[in-house]
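Everything on this sheet refers to the single structure shown next.
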Amino acid sequence: MPAWILPSAVALDLVLGDPRRLPHPVRWMGFGVSRLEPWFRRIPLPTAFSGALLAILLITLAGAAAWAAVAAATVLSGTLGDLVAVVLLYYCLAIRSLQQSAMEVFRILEMGNLDGARRSVSMIVGRDTRNLSPQEIARAAVETVAENLVDGVLSPLFFFAIGGVPAAMAYKMINTLDSMIGHRDDRYREFGKAAARIDDAANWIPARLAVWITAVAAWMVAGRGRAALECAWLEGRRHTSPNAGRIEAAFAGALGVTLGGPSVYRGRLVDKPEIGTGFSVVQPRHIPRACELMVLASLIGSLLAGCCRWWIFP
């Protein structure tokens, strides 16, 4: 696999983002999950087991489909196969779309349109946003930028480094399954248990690598690399997620802000512990700083993934 595939995919993502009018494999993945869920729920097996079967099937199919697409294109032309690999890897990344979504929240907040900012941030977070203050909106945006640095960038890069485009696409299915059925409510507590556990396992290493990458980026932009590492080490375990807490704590230290705290999900108050205690309250101005940190960390991660990929498979 030529060395230019990864930088080309990253460049495409930075330039194009996520064009809504183009077909996107992740949307197809979501369609597959929603269509197959009723079928697997009817299987006469324990709910958790049928959910696990659905997850394993779709993850396998996603990786196999990516491999088949590249292989079929390569039969016609080696260059065509490489181009297909670039496009598929580009679809696995979300650097620009994440930046655009967060900065849209920032721009609306700067205009003083609180209701508009609530609607905008509701598109990128799972919590209820109807009654959020400007500071709470900013906190939600910064938290999703931090979490999605792992889910939307560094984890796909990690799996590309060790398994190429098929592994990166299989990871996107893992992440899609977790976002759709990996919930702890009554409907999905059992059916989505396997999807949630697989997602936790898949992100375990990337989330911890992300702390170091974020610390390097924080050192480069603000000289706060040590603060990012210390906060991640001391407070990252407070989060209910085994992975999200690490990167949120690294961002809290890098930006000097307090993340976490109470949030409402589906009408239920969830009292999350604060991360970055002793730092200042998140303000709207921290959103562009978080985006800058995320983009730089993404570029560092891309460089590392490229080096690892062609060191393992020269």
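The values are calculated or read from the model by the stated rules, or taken from the named source; none is laboratory data. This one's a predicted model, so the numbers in the text were calculated from it and none came from an experiment. Neighbour counts run over all protein chains shown; Cβ positions are idealised from the backbone, glycine included.
Could you say whether any residue in the stretch 44-51 is under 25 Å from Ala201 (Cβ atoms), out of contact with any His (no Cβ under 9 Å at 6 or more places or on another chain) and assigned to a loop (DSSP other than H, G, I, E, B)?
So in the stretch 44-51, the residues under 25 Å from Ala201 (Cβ atoms) come out as 45-51.
Next, from what is left, pick out any that are out of contact with any His (no Cβ under 9 Å at 6 or more places or on another chain): 45-51.
Narrowing the set further to residues that are assigned to a loop (DSSP other than H, G, I, E, B) leaves 45-46.
Yes, the stretch 44-51 has at least one match.
Among what's in the stretch 43-80 and is free of Cβ contacts under 8 Å to residues at least 60 places away in the same chain, surrounded by 15 or more Cβ atoms within 10 Å (Cβ to Cβ) and among the small types (Gly, Ala, Ser), pick the residue that is farthest from Arg189 (Cα to Cα).
In this case the residue turns out to be Ala73.
Starting from the stretch 1-24, keep only residues that are closer than 18 Å to Ala71 by Cα, then list their pairs with residues that are in a helix (DSSP H, G or I) and polar (S, T, N, Q) whose Cβ atoms are within a distance under 8 Å, requiring at least 6 positions of separation or different chains.
Hits for this filter: Leu6/Ser302.
List pairs: first residue in the stretch 298-314 and touching a residue at least 24 places away in the same chain (Cβ under 8 Å) and closer than 19 Å to Leu149 by Cβ, second residue of a type in the set (Val, Ile, Thr) and assigned to a helix (DSSP H, G or I) anywhere in the structure, Cβ distance under 7 angstrom, at least six positions apart or on different chains.
Final answer for the pair search is Ser298/Ile95; Ser298/Val153; Ile300/Ile213; Ile300/Val216; Gly301/Val153; Gly301/Ile213; Ser302/Val10.
When you look at Arg107, is it of a type in the set (D, E, K, R) and within 30 Å of Leu299 (Cα to Cα), yes or no? If you could, list the steps in order and put the result at the bottom.
Details: of a type in the set (D, E, K, R): yes; within 30 Å of Leu299 (Cα to Cα): yes.
Against the criterion (of a type in the set (D, E, K, R) and within 30 Å of Leu299 (Cα to Cα)), Arg107 qualifies.
Pick from Val257, Val216: which is within 21 Å of Ile137 (Cα to Cα) and either at pLDDT 95 or above or aromatic (Phe, Trp, Tyr) (or both)?
Answer to the selection: Val257.
Exactly one of these conditions fails for Gly192: (1) modelled with pLDDT of 95 or more; (2) of a type in the set (Gly, Ala, Ser); (3) crowded, with 24+ Cβ neighbours inside 10 Å. Give me its number.
Only one criterion in (1) modelled with pLDDT of 95 or more; (2) of a type in the set (Gly, Ala, Ser); (3) crowded, with 24+ Cβ neighbours inside 10 Å is unmet by Gly192, namely (1).
Taking into account only those residues within the stretch 266-290 that are among the aliphatic types (A, V, I, L, M) and under 12 Å from Arg139 (Cα atoms), which is surrounded by the most Cβ atoms within 10 Å (Cβ to Cβ)? Give the steps one after another, and end with the answer.
Step one: list which residues in the stretch 266-290 are among the aliphatic types (A, V, I, L, M), which gives 269-270, 275, 281-282, 287, 290.
Filter once more, so that each one left must be under 12 Å from Arg139 (Cα atoms): 275, 281-282, 287, 290.
Working: Ile275: 30, Val281: 13, Val282: 27, Ile287: 27, Ala290: 26.
Looking at the filtered set, the residue picked out is Ile275.
Could you grab me the full set of residues in the stretch 1-42 that are aliphatic (A, V, I, L, M), surrounded by 15 or more Cβ atoms within 10 Å (Cβ to Cβ) and within 16 Å of Ala85 (Cα to Cα)?
Met1, Ile5, Leu6, Ala9, Val10, Leu12, Val26
Write out, first by first residue and then by second, each pair whose Cβ atoms fall under 6 Å of each other, whose residues are 6+ apart or on separate chains, and whose first residue, in the stretch 135-158, is of a type in the set (Ser, Thr, Tyr) while the second is assigned to a helix (DSSP H, G or I).
Close Cβ pairs (under 6 Å, with a partner that is assigned to a helix (DSSP H, G or I)) amount to Ser155/Tyr171; Ser155/Asn203; Ser155/Pro206.
Six or more apart or on different chains, Cβ atoms under 9 Å: show the pairs whose first residue is in the stretch 211-228 and touching a residue at least 24 places away in the same chain (Cβ under 8 Å) and whose second is among the basic types (Lys, Arg) and assigned to a helix (DSSP H, G or I).
Once the first residue is touching a residue at least 24 places away in the same chain (Cβ under 8 Å) and sits in the stretch 211-228, its partners that are among the basic types (Lys, Arg) and assigned to a helix (DSSP H, G or I) give Val211/Arg246; Ala215/Arg226; Ala218/Arg226; Val221/Arg289; Ala222/Arg289.
Testing Arg96 on (1) crowded, with 24+ Cβ neighbours inside 10 Å; (2) in contact (Cβ under 8 Å) with a residue 40 or more places away in the chain, one condition comes back false. Which one is that?
(1)
Does Glu248 meet the test of being buried (at least 20 other Cβ atoms within 10 Å of the Cβ) and either over 28 Å from Ala11 (Cα atoms) or modelled with pLDDT under 90 (or both)? Steps first, please.
Numbers: buried (at least 20 other Cβ atoms within 10 Å of the Cβ): yes; either over 28 Å from Ala11 (Cα atoms) or modelled with pLDDT under 90 (or both): no.
The answer is no for Glu248.
Could you list, in sequence order, the residues of the stretch 109-133 that are surrounded by fewer than 16 Cβ atoms within 10 Å (Cβ to Cβ) and closer than 21 Å to Asn148 by Cβ? Write out each step before concluding.
First, the residues of the stretch 109-133 that are surrounded by fewer than 16 Cβ atoms within 10 Å (Cβ to Cβ): 110-116, 119, 123, 126, 130-131, 133.
Answer for the stretch 109-133, where residues must be surrounded by fewer than 16 Cβ atoms within 10 Å (Cβ to Cβ) and closer than 21 Å to Asn148 by Cβ: Arg119, Met123, Gly126.
Only one of Ser302, Ser263 is more than 23 Å from Ala168 (Cβ to Cβ), surrounded by 15 or more Cβ atoms within 10 Å (Cβ to Cβ) and either among the hydroxyl-bearing types (Ser, Thr, Tyr) or at pLDDT below 85 (or both). Can you tell me which? Please lay out each step first, then the result.
Details: Ser302 fails: more than 23 Å from Ala168 (Cβ to Cβ).
On inspection, the qualifying residue turns out to be Ser263.
Identify, by number, the condition in (1) touching a residue at least 60 places away in the same chain (Cβ under 8 Å); (2) out of contact with any strand residue (DSSP E or B) (no Cβ under 8 Å at 6 or more places or on another chain) that Ser241 doesn't meet.
With respect to (1) touching a residue at least 60 places away in the same chain (Cβ under 8 Å); (2) out of contact with any strand residue (DSSP E or B) (no Cβ under 8 Å at 6 or more places or on another chain), Ser241 is out only on (1).
Which residues, counting only those in the stretch 120-154, are among the β-branched types (Val, Ile, Thr) and out of contact with any Phe, Trp or Tyr (no Cβ under 8 Å at 6 or more places or on another chain)?
Listed by number, the residues that qualify are Val121, Ile124, Val125, Thr129, Ile137, Thr144, Val150, Val153.
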